Amino acid sequence: MTQKRVLRFFDLTEYEAEEKWLSEMHASGWKVVKAAVPGIYTFEECSPASVVYKLEFSDRKASEQEDFHAMCRDYGWSYLFSMNGWDYYCKEADQAEENNELFTDDSSKLEMIRRVMLRRFLPFTLIFAAVVLPNVIMKLLGGHALDIAAFKWYVLAFFYVCAALHMGIGFYRLYCRYGGKTA
Amino acid sequence: MDKHIEKVYCPMTESAFYILLSLQQERHGYGITQRVKELTDDHITIGPGTMYGTLSRMEKDGLIRFTQEREKRKYYLITPLGTEVLNREKERIRHLYRIVQEDEQ
């Protein structure tokens, strides 16, 4: 079976775009069989099909996962693999959109978004505050503000700020979409 | 009734109501989804993620209990506490219906 590897990066807030992309790949005859950090997807040639992909960042224990996967199979969902805390599922696309969701309630989706913010985004920003920022400040105030060594930190800080802003906007959008309803 | 139970289940969400209603008979997750589709004429669909989460929560809260596992499927049934909560919700719905009827007179 022909295989190919594709390098593509999706950040913490772009899992829905990733789901869509995997679905489009399957529709063009390539189904994903593995994914590795930082974004290396292994695809296998297949007959084009209409398949829905869903990603979940869960906090379910390993013992509960098996039960969950068994329940998923009844609904037509197959568990594929995991990457970096994210579980990948797929199922044959159904005419009725509500049958193409793992989670049919918004509060579960919001819970997951909060989990991602706590377990991934928070550490990301903490590393910036605790490691990158102090070094940048030290370099700027250390009299060697224009050294090559200093520039490495400036570039890193720049990357961090851009990434944090981009993800911040992403999280905000997700919150707006799924956090709307009250009472 | 426990304060926590009252806060979460009185009133309860529509999905929770249908799930509890369905579990007056021993069923497994997918069976409950099918029953709810039947009862609501396909208007309410409960996905596996939502179903698993709700069943776990209800079991932890004592509203339902695990009865048996057959072919890797876990079956559940409503408990006396669950019946008490369900009856309270039914009463609330009856009251709501009465008010609507009166308002339309």
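The values are calculated or read from the model by the stated rules, or taken from the named source; none is laboratory data. What you are looking at is a predicted structure, and each value in this text was computed from that prediction instead of being measured. Positions of Cβ are backbone-derived with ideal geometry, glycine not excepted, and every protein chain shown enters the neighbour counts. Accessible surface areas use protein heavy atoms only, side chains included; no ligands, DNA or RNA. Shrake-Rupley method; radii C 1.70, N 1.55, O 1.52, S 1.80 Å.
Coupling constants for region B:42-47 follow from the phi torsions by the Karplus curve (6.51 cos²θ - 1.76 cosθ + 1.60, θ = phi - 60°), and in residue order they are 6, 6, 10, 10, 10, x Hz; glycine and proline get x. Computed over chain B, relative contact order equals 29 percent, with contacts defined as Cα pairs under 8 Å that lie 6+ residues apart. The charge dipole of the protein assembly as shown, taken about its Cα centre with unit charges on the Cβ atoms of Lys, Arg (+1), Asp and Glu (-1) only, comes to about 980 debye.
Sites listed here are trypsin sites (Lys or Arg not before Pro) in region B:1-88 whose DSSP assignment is loop and whose Cβ has at most 16 other Cβ atoms within 10 Å: B:Lys72. The gain in end-to-end length when the A:Val33 to A:Ile137 segment is fully stretched comes to 33.0 nm, 0.36 nm per residue minus the alpha carbon separation. For region B:1-58, carbon and sulfur atoms together expose 45% of the accessible surface, with a 1.4 angstrom probe and every protein chain in place. In summary, the lysines within cross-link reach of A:Lys109, defined as a Cα separation below 20 angstrom excluding same-chain residues under 8 places away, comprise A:Lys20, A:Lys54, A:Lys61, A:Lys91, A:Lys181.
Total Å² of accessible surface buried at the A-B contact, 1.4 Å probe, nearest 100? Working shown, then result.
Details: alone 11530 and 7160 Å², together 17140 Å².
Buried area between the two chains comes out at roughly 1500 Å².
This model, with +1 at the C-beta of Lys and Arg and -1 at the C-beta of Asp and Glu, gives region A:50-105 a dipole about its Cα centre of some 240 debye. Placing unit charges on the Cβ atoms of the charged side chains and taking the dipole of region B:33-105 about its Cα centre, the candidate lying farthest along the positive direction among B:Ile93, B:Leu77, B:Ile46 is B:Leu77.
Estimated from the Cβ-Cβ distance and a Förster radius of 25 angstrom, the FRET efficiency linking A:Val6 and A:Leu165 is about 0.40.
Burial here means at least 20 square angstrom less accessible surface with every protein chain in place than with the chain by itself, probed at 1.4 Å; in region B:63-105 the buried residues are B:Lys72, B:Arg73, B:Lys74.
Only helical DSSP H runs with n ≥ 4 go in: add -39500 (n - 2.57) per run for chain A, normalise by residue count and round the 222 nm mean residue ellipticity to 500 deg cm²/dmol.
Working: 6 runs with 84 residues, N = 183.
Helix contribution divided over all residues of chain A: -15000 deg cm²/dmol.
Each label was represented as a point 7 Å from its Cα along the Cα-to-Cβ direction; for A:Ala149 and A:Arg177 these points are 4.5 nm apart.
Taking trypsin sites (Lys or Arg not before Pro) as exposed when DSSP calls them loop (any state but H, G, I, E, B) and at most 14 other Cβ atoms lie within 10 Å, what is the longest stretch of chain A free of them, the sites themselves excluded? Numbers along the way, then the final one.
Working: sites that count: A:Arg8, A:Lys61, A:Lys181.
Between exposed loop sites, the widest span is A:62-180.
For the residues A:Ser82, A:Ser63, A:Ser50, a GNM of chain A with alpha-carbon springs under 10 Å puts the largest fluctuation on A:Ser63. Going by a ≥ b ≥ c, the root eigenvalues of the Cα gyration tensor, does region A:1-104 fall in the rounded group (a/c under 1.5), the prolate group (a/b larger than b/c) or the oblate group? Because a/c hits 1.5 or more and a/b fails to exceed b/c, region A:1-104 counts as oblate. The region of chain B that goes longest without hitting one of the GluC sites (Glu not before Pro) in a DSSP loop, each with at most 16 other Cβ atoms within 10 Å, is B:27-70. In the protein assembly as shown, a dipole from Cβ-located charges (positive for Lys and Arg, negative for Asp and Glu) runs towards its positive end, and of A:Val155, A:Leu22, B:Ile5 it is A:Val155 whose Cα lies farthest in that direction. Under a Gaussian network description of chain A, with springs only between Cα atoms under 10 Å, the residue in A:Glu44, A:Glu66, A:Glu19 that fluctuates furthest is A:Glu66.
The phi torsions of region A:80-92, fed into the Karplus equation with coefficients 6.51, -1.76 and 1.60 and a -60° offset, translate into couplings of 9, 6, 10, 9, 6, x, 9, 9, 9, 10, 8, 7, 4 Hz, rounded to whole numbers, with Gly and Pro shown as x.
Rounded to two decimals, what is the ratio between the C-alpha radius of gyration of chain A and 2.2 N^0.38 Å? Walk me through the numbers on the way to the answer.
Working: Rg = 20.0 Å, N = 183, 2.2 N^0.38 = 15.9 Å.
So chain A has a normalised radius of gyration of 1.25.
Normalised per residue, the accessible area of region A:104-178 is 65 Å², obtained with a 1.4 Å probe and no contribution from ligands, DNA or RNA.
Which value, in debye to the nearest 20, describes the size of the charge dipole of chain B about its Cα centre when Lys and Arg Cβ atoms bear +1, Asp and Glu Cβ atoms bear -1, and nothing else is charged? Let's see the in-between values first.
Values: 17 positive and 17 negative charges, 101 e Å.
Charge dipole of chain B: 480 debye, to the nearest 20.
A crude spin-label estimate for the pair A:Ser107 and B:Val100, with each label 7 Å from Cα along the Cβ direction, gives 2.2 nm.
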